[in-house]
Amino acid sequence: MDNYKIRISGRKKLSGTITVSGAKNASLPELAATILTDSEVLLNGVPDVEDVNTMFNALESIGASGNFSDNKVNINFSNIKEPVVSETISKTSRSSILILGPLLARNGYARVSLPGGCAIGDRKIDFHLEGLERMGAEIKVEDGYILARSKRLKGADYTFPGVSVTGTENLIMASTLADGETILRNCAVEPEITDLITFLEAMGAEIMGKGSDTIRIKGKNILKGTSHTVIPDRIEMGTYVIAACLRGDNIVVKNCIPEYIGSLLTILESMGVEILINGDEISIKVPGQLKPVEVNTDPYPGFPTDLQAQLTTLLTQVDGISHIRENIFNNRFKHVIELNKMGANIAINGNIAEIKGVSDLKGTYLNATDLRASASLVLGALIAEGETYIDNAYQLFRGYEDMPGKLNKIGADISTMKV
Ligand code: EPZ
């Protein structure tokens, strides 16, 4: 795996339009869902990011043929060659767990390496396995692998003990080929799940309850090929809207669906930011000093944990004391140490970050610990005095398509070095 270092020269005036790419977290389950058919599938608007490349490589190792270029994936699972997801794949990207459900449903047997540890806290998969067992699967975990077997999954009535995005996606995909009807309750309702359901319906799946927390699926024998365009990435959207709040009001964020980041926009308005929406474009005005705020991360439509680190950077520039309570993951504050190296004044108490502003950030040497943390460091570097160097910048390229290029296009001064 190549790694990179990023150098950012701060305090450049930014102005222009940034276009949001397709959603990584919709592309990943939709790529896994192509296992559910033996016909050709075309996915448009797929972001060229590392996590998606890892998923595509995993599918090829299982038996897919096809290609991924110019944000288009053309893929065909006419047969399953090797129903295995290796350790190298699952250590690189945890979302390889999304292969388990569709592979078991299509092939009757799947051997998936347990997803690796994660910088943001426990990433358990007990709901995924419990739900598949409820559908009749025989599941064993040994030598770091999940071994799942089932002649044919059968419809079941399963209530998630807790809200899980990929848990919901895995079980919806598995149940599309089960015998009979499956009811899934207490499902996550993120837009990426709604987009996955739209995609599965286009493949011939029979699914009721799209957009709600109770999903009913009538199983089929096999799904058919189709073409689909992935929704825009709401986390990338929110990241660039926050960048606009930090670096000036001449930035237009394009290819947006504003309602996808409604919780962020509401928080920004409560801080005194003026939000301007014009179709799929979002721009902002910061008329005066922003006000501190109290924030909770919650499942959609609440404020997303994936924007917590980026908002933290903005709050370092707000006069007063703000708090963010991280309710989803138990260790998602690794960016705080790095921001404090720049001169931020953030204290952690349990799952609450207390951010005291205004801090005058200075460029320095930083380390990217995870995907969204790396984005918060880039945002900090854009407003810091002097040069910032970010090590382990591979993390950024896992989930943001060409962020340095997109920011340089509107006036930033960012260079990327392979190490
Ligand atoms: C998805 O992860 C996203 N990843 C994450 O985005 C996102 O942060 C997360 O949802 C929450 O919104 C993808 O969609 C590929 P969860 P996921 O299952 O599905 C607990 C990014 O930056 N839990 O909703 O792994 C779990 O420990 C990434 O793009 C169980 O206890 O998250 C966590 O505390 C980071 N048992 C909470 O639920 C389970 O079986 C939410 O996890 C599953 C989850």
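Each residue in segment 166-204 was checked for being within 13 Å of the ligand (Cβ to nearest atom), open to solvent by 10 Å² or more (accessible area, probe 1.4 Å) and outside any helix (DSSP H, G or I), and 3 pass. So, residue 143, is that one within 8 Å of the ligand (Cβ to nearest atom) and open to solvent by 40 Å² or more (accessible area, probe 1.4 Å) or not? Answer is no for this residue.
Please go through segment 111-129 and give me each residue that is over 30 Å from residue 337 (Cα atoms) and surrounded by 16 or more Cβ atoms within 10 Å (Cβ to Cβ), ordered by number. First the steps, then the outcome.
Narrowing segment 111-129 to residues over 30 Å from residue 337 (Cα atoms): 111-113, 126-129.
Residues satisfying the conditions are 111, 112, 113, 127, 128, 129.
Applying the condition of being within 12 Å of the ligand (Cβ to nearest atom) and open to solvent by 50 Å² or more (accessible area, probe 1.4 Å) to segment 320-349 and asking which residue is nearest to residue 395 (Cα to Cα) yields 331.
Counting only helices (runs of 4 or more DSSP H) that sit completely within segment 230-319, those holding 2 or more residues that are open to solvent by 20 Å² or more (accessible area, probe 1.4 Å), closer than 30 Å to residue 32 by Cα and assigned by TED's automatic domain parsing to the domain that holds residue 371 correspond to 262-271.
What are the residues in segment 386-397 that are surrounded by 21 or more Cβ atoms within 10 Å (Cβ to Cβ) and either part of a loop (DSSP other than H, G, I, E, B) or under 24 Å from the mean Cα position of the chain (by Cα) (or both), if any?
If we filter segment 386-397 for residues that are surrounded by 21 or more Cβ atoms within 10 Å (Cβ to Cβ), which is where we start, we get 388, 390, 393, 395-397.
Once the filter is applied, which keeps residues that are surrounded by 21 or more Cβ atoms within 10 Å (Cβ to Cβ) and either part of a loop (DSSP other than H, G, I, E, B) or under 24 Å from the mean Cα position of the chain (by Cα) (or both), segment 386-397 yields 390, 393, 395, 396, 397.
Residues of segment 344-383 being touching an Asp or Glu at 6+ places or on another chain (Cβ under 6 Å) and in contact (Cβ under 8 Å) with a residue 40 or more places away in the chain, which ones? Within segment 344-383, 357, 358, 363, 372, 377 meet the criteria. Could you tell me whether residue 136 is within 10 Å of the ligand (Cβ to nearest atom), surrounded by fewer than 17 Cβ atoms within 10 Å (Cβ to Cβ) and either touching a residue at least 12 places away in the same chain (Cβ under 8 Å) or assigned to a helix (DSSP H, G or I) (or both)? The answer is no for residue 136. Candidates are the residues of segment 70-93 that are at pLDDT 85 or above and either within 12 Å of the ligand (Cβ to nearest atom) or in a strand (DSSP E or B) (or both); the one that is most open to solvent (accessible area, probe 1.4 Å) is 72.
The values are calculated or read from the model by the stated rules, or taken from the named source; none is laboratory data. Because the structure is predicted, anything quoted here is derived from the model rather than measured. Every residue, glycine as well, gets a Cβ built from its backbone with ideal geometry; the counts of neighbours run over all protein chains shown. Note: areas computed on protein heavy atoms with side chains; ligands, DNA, RNA excluded. Shrake-Rupley method; radii C 1.70, N 1.55, O 1.52, S 1.80 Å.
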